[in-house]
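Taken together, the values in this text are just the output of simple stated rules run on the coordinates, not laboratory data. Bear in mind the structure is a predicted one, so any value in this text is a computation, not a measurement. Positions of Cβ are backbone-derived with ideal geometry, glycine not excepted, and every protein chain shown enters the neighbour counts.
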Amino acid sequence: METRCILHVEDEENDVLILRHVFQKAGLAGQLQVVRDGQMAIDYLSGAGAYANRKKYPLPYLVLLDLGLPRRGGLEVLRWIRQQPSLKKLVVLVLSSSALPEDVAGACELGANSYVMKPSGLPKNLEMVQLLKNWWLGCNHFAPIEESKNG
C-alpha cells in the first residue's frame, strides 16, 4: 500500500487548497493526488496519457469524488469506476456540497462507499480528515486493487 495514494477529484481551487492544508496537518500530505475534472479522474485511474507513469501517479486506494465536475460529472465517473473489473473494489467517498436526496441516492446506487457533505471552514475540514484518517486509513482494510492489464 505504500505506493498507493488518495485521489482527490475536485475542480474548486479553494476546496483543493483547504483539503491539502488539512491533509498536511493530519500527516497525510504526501498521499494526496489531485485532478480537476471527471475526465482527468478517468484518465488517472486508467493510467492513460499523462498519467501512464504509475511511479508518479500511483493507483489510489481511496478516491474523494466531488459530484459537480467539468467534462464528466462525479456520478458519471463513479459509474465508470464500478464498470471497470479492476476498480470495482476501489473505495470511493463522495465529497459534495449537495445535500439533495437524489444525489445521495444516486451515489449510493452507483456504489459509493460513503457520501460526505463538504464541511465549511478549516476546523470542520480538519475534523473530517481526522475521522477519515482514523476510520478509513486506521480501521478499514482495503481490498487489493490490481492494475488493469489493458489500461
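Put simply, when 107-113, 82-88 are sorted by average Cβ atoms within 10 angstrom per residue, most first, you get 107-113, 82-88. Amide H contacts of residue 91: 63, each under 5 Å away and 5 or more positions distant or on a separate chain (H built 1.01 Å from N in the peptide plane; Pro and chain starts excluded).
Computed extension length for residue 12-residue 71: 19.8 nm, one decimal, from 0.36 nm per residue of separation with the Cα-Cα distance subtracted. Karplus-derived 3J(HN,Hα) values for region 124-141, using 6.51 cos²θ - 1.76 cosθ + 1.60 with θ = phi - 60°, are 5, 5, 5, 4, 4, 5, 5, 5, 4, 4, 5, 7, 5, 9, x, 9, 5, 10 Hz; glycine and proline are entered as x.
Taking the charge dipole of region 5-132 about its Cα centre, with +1 at Lys and Arg Cβ atoms and -1 at Asp and Glu Cβ atoms, the residue from 35, 104, 116 reaching farthest to the positive side is 35. Full extension of the chain segment joining residue 54 with residue 108 gains 16.5 nm, where the gain is 0.36 nm per residue of separation less the Cα-Cα distance. Amide hydrogen proximity for residue 72: with H placed 1.01 Å from N in the peptide plane, the residues at 5 or more positions away or on another chain lying under 5 Å are 38, 39.
Number of Lys-Lys pairs in the chain with C-alpha atoms under 17 Å apart and a separation of 8 or more places or on different chains: 7. The length gained on full extension between residue 79 and residue 124, counted as 0.36 nm times the residue separation minus their Cα-Cα distance, comes to 13.3 nm. A simple rule links phi to the HN-Hα coupling: the Karplus curve 6.51 cos²θ - 1.76 cosθ + 1.60 with θ = phi - 60°, which for region 19-34 gives 5, 4, 4, 6, 5, 5, 4, 8, x, 10, 4, x, 8, 8, 10, 10 Hz, with x for Gly and Pro. Here the 3J(HN,Hα) profile of region 56-68, calculated from phi with Karplus coefficients 6.51, -1.76 and 1.60 at θ = phi - 60°, is 7, 10, x, 5, x, 9, 8, 10, 9, 10, 6, 8, x Hz, Gly and Pro shown as x. Taken over region 61-109, the alpha-carbon convex hull comes to 74 cubic angstrom per residue.
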